[in-house]
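The values are calculated or read from the model by the stated rules, or taken from the named source; none is laboratory data. Here the structure is a predicted model, which is why all the values come from computation and not from measurement. Heads up, the Cβs are rebuilt from the backbone with ideal geometry, glycines too, and the neighbour counts pull from every protein chain shown.
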Amino acid sequence: MVRLAELPQAGRTITSIPLRATLASALAVGAGGSSGSLADKPLLKDAFGRLIIPGSQLKGRLRHECEKLARGLGWAICRSPDPERMCPQREGSAGNFHRPEYQVEGYAGSHCLVCQIFGNPALPARLWVEDLVCEVPPAALEPTLRPGVTLNRRRRTAEDQRLYLIETSPAAELTFSGSLQLLPDCPSWGKTLLLAALHHLIALGGSKSAGLGWLHWDPGSLQALQPTAADWAFLAQGES
Ligand SMILES: [Zn+2]
């Protein structure tokens, strides 16, 4: 739901961070179930038939990396994605969530650093993540079907009757581009945490253990996230 009061107001600008990622291996992105494709896990495409890595998936992975980094710096961080275990309720979370840094003007309760960027049921996100769209036009791409097999984790054997096909991008060095949109009230240290998280995000999509979806970020495209000394100093205060 979009609340008008939460939309950016005129004169307060959104910071747009361009993102470009180049694949080092083929990409398997997609939900289960086939739709007009032979594959059980078809690649996701937008309305123009272009391959995409959904923004929702990228946002989820970024949040997870930011949580690990902030905890590593000594900050108390809630446990997404279960709403009851997230700020401001935080069932079962230990740690000092009552530091002044966790107060957000205009919102009751306390909200950890990660919630202040990615949001929670009581606090709107200050970050929008757009889909990453393949720069190569669809007509020039020949998707590849790869066979896979479902493994039984308990017995550590391949399941009978569970051979499936994964549709992947060709194993070419495809480049995808999109952007992060930081809303005007996104804290300044958020850029620094996001930059560190992007450096930790080295694969996207499914079947990473099969070597699919490894990527690297274009360093030039991340320049708008360049951290300041003040932002590093703030993040380093987690243990205090
Ligand atoms: Zn939180």
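Out of curiosity, is E135 at pLDDT below 95 and farther than 24 Å from A203 by Cα? Reasoning before the result, please.
Numbers: at pLDDT below 95: yes; farther than 24 Å from A203 by Cα: no.
The answer is no for E135.
Select from segment 112-131 the residues that are in a strand (DSSP E or B) and not aromatic (F, W, Y) and write down the one among them that is nearest to the ligand (Cβ to nearest atom).
The residue in question is N120.
On the basis of being of a type in the set (S, T, N, Q) and modelled with pLDDT under 90, does S16 make the cut? Lay out the reasoning, then the answer.
Details: of a type in the set (S, T, N, Q): yes; modelled with pLDDT under 90: no.
Criteria not met by S16.
For residues that are in a helix (DSSP H, G or I) and either away from the ligand (no atom under 11 Å from the Cβ) or on the phi > 0 side of the Ramachandran plot (or both), tally how many sit in segment 84-111. Step through it out loud before you land on a result.
Step one: of segment 84-111, the residues in a helix (DSSP H, G or I) are 84-85, 100-102.
Subsequent filtering for residues that are either away from the ligand (no atom under 11 Å from the Cβ) or on the phi > 0 side of the Ramachandran plot (or both) retains 84, 100-101.
Number satisfying all stated conditions: 3.
Under 6 Å between Cβ atoms, at least 6 apart or on separate chains: pull out the pairs that start in segment 112-128 with a residue that is within 16 Å of L180 (Cα to Cα) and end on any residue that is near the ligand (Cβ under 8 Å from one of its atoms) and not in a helix (DSSP H, G or I).
Cβ pairs passing all conditions: V114/I77.
Restricting to segment 196-225, give me the number of residues that are assigned to a loop (DSSP other than H, G, I, E, B) and at pLDDT 85 or above.
Adding up the residues that qualify gives 2.
Output the number of the condition that C66 fails; it satisfies all remaining conditions of (1) more than 12 Å from the ligand (Cβ to nearest atom); (2) at pLDDT 95 or above; (3) not small (G, A, S).
(1)
When the residues of segment 70-83 are filtered to those that are part of a helix (DSSP H, G or I) and loosely packed, with under 14 Cβ neighbours inside 10 Å, which remaining residue is farthest from the ligand (Cβ to nearest atom)?
G72
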